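Reading through the structure tokens given below for one structure.
The values are calculated or read from the model by the stated rules, or taken from the named source; none is laboratory data. This structure is a prediction, so every number in the text was calculated from the model and none was measured. No Cβ is skipped: glycine too gets one built from the backbone with ideal geometry, and neighbour counts run over all protein chains shown. Just the protein is used for accessible areas: all its heavy atoms, side chains included, with ligands, DNA and RNA removed. Shrake-Rupley method; radii C 1.70, N 1.55, O 1.52, S 1.80 Å.
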Protein chains: 2
Amino acid sequence: MQSYTEENYLKTIYHLAEQTTNVQTNAIAEQMQTKPASVTDMIKKLADKGLVDYIKYQGVTLTEIGRNTAIDIVRKHRLWEVFLVDKLNFKWDEVHDVAEELEHIKSVELIERLDEFLGFPKADPHGDPIPDKNGRFAKTQFIKLIELKVGDSGTITGVSQHSSAFLKHLEKLGLTLGKQIQVSDVTDFDGSVEILLSNKQINISREVAKHILISSNGKN
Amino acid sequence: MQSYTEENYLKTIYHLAEQTTNVQTNAIAEQMQTKPASVTDMIKKLADKGLVDYIKYQGVTLTEIGRNTAIDIVRKHRLWEVFLVDKLNFKWDEVHDVAEELEHIKSVELIERLDEFLGFPKADPHGDPIPDKNGRFAKTQFIKLIELKVGDSGTITGVSQHSSAFLKHLEKLGLTLGKQIQVSDVTDFDGSVEILLSNKQINISREVAKHILISSNGKN
DNA sequence: AAAAATTTTTAGATTTACCTAAAAATAAAA
DNA sequence: TTTTATTTTTAGGTAAATCTAAAAATTTTT
């Protein structure tokens, strides 16, 4: 049984490990809004519990148990997000903080029934995949919008940034999940991208394009 | 802003205050499965925060702020219980522990939307009234089944004991909310009560009869 | 009203998750 | 390969919520 705080550490390590193999103390500290010294303390504790492998000065990796625990928290987080959007009519930019709390409710029964109630969704409101109760989920094949060439088209299926500001911005532009887009031009000057969205031409900054994930349906 | 623990103290004091005016340290300790010394510490803290009135050795009472906070937690607890039973098909004896956790999720928006989603229910699965968002709720007029005289009849509208064992027992006997009953006899020997439930004669112990709440529809 | 029993509080410790400041290890630059 | 910079850890301390054991206040009984 893990504490609220331990669960948050595991989740953070899990997410950081999606980008780098060995997760660094400082990276965890920054993500968790705490100090490196505190992270070292907690890492030792998690190592004692067999949830992470830890060699001094070398960063951490999750053990299998640690990873499973983290995936379970991610599953809960994403299911609650679906609940909030689908059933309680929250917007996709409003759900993160509440889900941060709900993900720590400990009841296997609750989550299984919630999953069923929601119709076993495969993705959360931001397009992130929801692990099934065995922790399995499809490794989704995304391409960042910024990587598309002029003429490429595809469907918006996710975002790699969950800040409210970013999501609200996308909403305003009409760039929501499921929308079809085609890249019509890339500006040399600032790298901004011109796209075609339901016959309208819109321009998005390089920064925005970096965080929109596309499931490509081929060139041209 | 209260901590998880502070909220639980306030809620416990609130419930104890429904029976006695001045809530005693020992009573709180027993209810919260902790030691009197710990209770004294916490009471001081709550008094400093203006949530309870406290005179040494004289027990505590909630201030208006304290009471409102407690009522808000009770509201959340009961709404979540309705959610669990109505939407996720939990049984009435399975919801208490999960609701104990869910009641601490801090989001006004969440609770208001949940309330709406559930259709603004007036009572939880055990018949306990749900305060509205302003903390108001009808003081329900209950009579304990044990207090009924032979010939009296009424509708089961609540229970004053929420243990899983008790609720399961009632379920098995068919004594669920909304059922009509009539007292047909009271045994001298052990005080057990014979009741008529949809034309069937059933016998319940004095102990059980004490915890069934009836909204009486008059004598005979 | 004194003695006994009960209830409540104080005093001093413990655990968890933090912190700051300084030391140690590692990585990068000159 | 030293020097410098960065990262990480250790050491020692704090605040929240708990504990045990002992002292103090209150209540009950004789």
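Structure data summary
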{"item": "Selected residue (only one of A:Val98, A:Val60, A:Val39, A:Val52 is β-branched (Val, Ile, Thr) and away from DNA strand D (no atom under 16 Å from the Cβ))", "result": "A:Val98"}
{"item": "Failed item in (1) assigned to a helix (DSSP H, G or I); (2) open to solvent by 60 Å² or more (accessible area, probe 1.4 Å); (3) away from chain A (no Cβ under 14 Å), with B:Val150 passing the rest", "result": "(1)"}
{"item": "Count - residues of segment A:34-79 that are among the polar types (S, T, N, Q) and within 20 Å of A:Gln19 (Cα to Cα)", "result": "5"}
{"item": "Qualifying residue in segment B:97-118 (condition: more than 14 Å from chain A (Cβ to nearest Cβ) and at pLDDT 95 or above)", "result": "no"}
{"item": "Odd one out for A:Ala29, checked against (1) farther than 25 Å from A:Lys106 by Cβ; (2) within 8 Å of DNA strand D (Cβ to nearest atom); (3) open to solvent by 20 Å² or more (accessible area, probe 1.4 Å)", "result": "(3)"}
{"item": "Any pair with Cβ under 6 angstrom, 6 or more apart, that starts in segment B:37-48 at a residue that is among the β-branched types (Val, Ile, Thr) and ends at one that is open to solvent by less than 20 Å² (accessible area, probe 1.4 Å)", "result": "B:Val39/B:Ile28; B:Val39/B:Ala29; B:Ile43/B:Val60"}
{"item": "Top-ranked residue in segment B:70-96 [being more than 15 Å from the chain's Cα centre (by Cα) and open to solvent by less than 50 Å² (accessible area, probe 1.4 Å); ranked as nearest to the other protein chains (Cβ to nearest Cβ)]", "result": "B:Leu88"}
{"item": "Filter pass, A:Asp48 being farther than 18 Å from A:Leu102 by Cα and either away from DNA strand C (no atom under 15 Å from the Cβ) or within 14 Å of chain B (Cβ to nearest Cβ) (or both)", "result": "no"}
{"item": "Check on B:Lys122, within 14 Å of another protein chain (Cβ to nearest Cβ) and over 28 Å from B:Val193 (Cα atoms)", "result": "no"}
{"item": "Where A:Phe137 falls short, out of the listed (1) under 19 Å from A:Phe90 (Cα atoms); (2) part of a loop (DSSP other than H, G, I, E, B)", "result": "(1)"}
{"item": "Checklist (1) in contact (Cβ under 8 Å) with a residue 24 or more places away in the chain; (2) in a loop (DSSP other than H, G, I, E, B) applied to B:Asp188, failing item", "result": "(1)"}
{"item": "Condition check for A:Leu16: among the hydrophobic types (A, V, I, L, M, F, W, C) and either surrounded by fewer than 17 Cβ atoms within 10 Å (Cβ to Cβ) or within 14 Å of chain B (Cβ to nearest Cβ) (or both)", "result": "no"}
{"item": "Residue check for A:Glu94: in contact with an Asp or Glu (Cβ under 6 Å, 6 or more places away or on another chain) and of a type in the set (Asp, Glu)", "result": "no"}
{"item": "Hits in segment B:1-45 (condition: away from DNA strand C (no atom under 11 Å from the Cβ) and charged (D, E, K, R))", "result": "B:Glu6, B:Glu7, B:Lys11, B:Glu18, B:Lys45"}
{"item": "Residues located in segment A:48-69, provided they are part of a helix (DSSP H, G or I) and either β-branched (Val, Ile, Thr) or open to solvent by 10 Å² or more (accessible area, probe 1.4 Å) (or both)", "result": "A:Asp48, A:Glu64, A:Ile65, A:Arg67, A:Asn68, A:Thr69"}
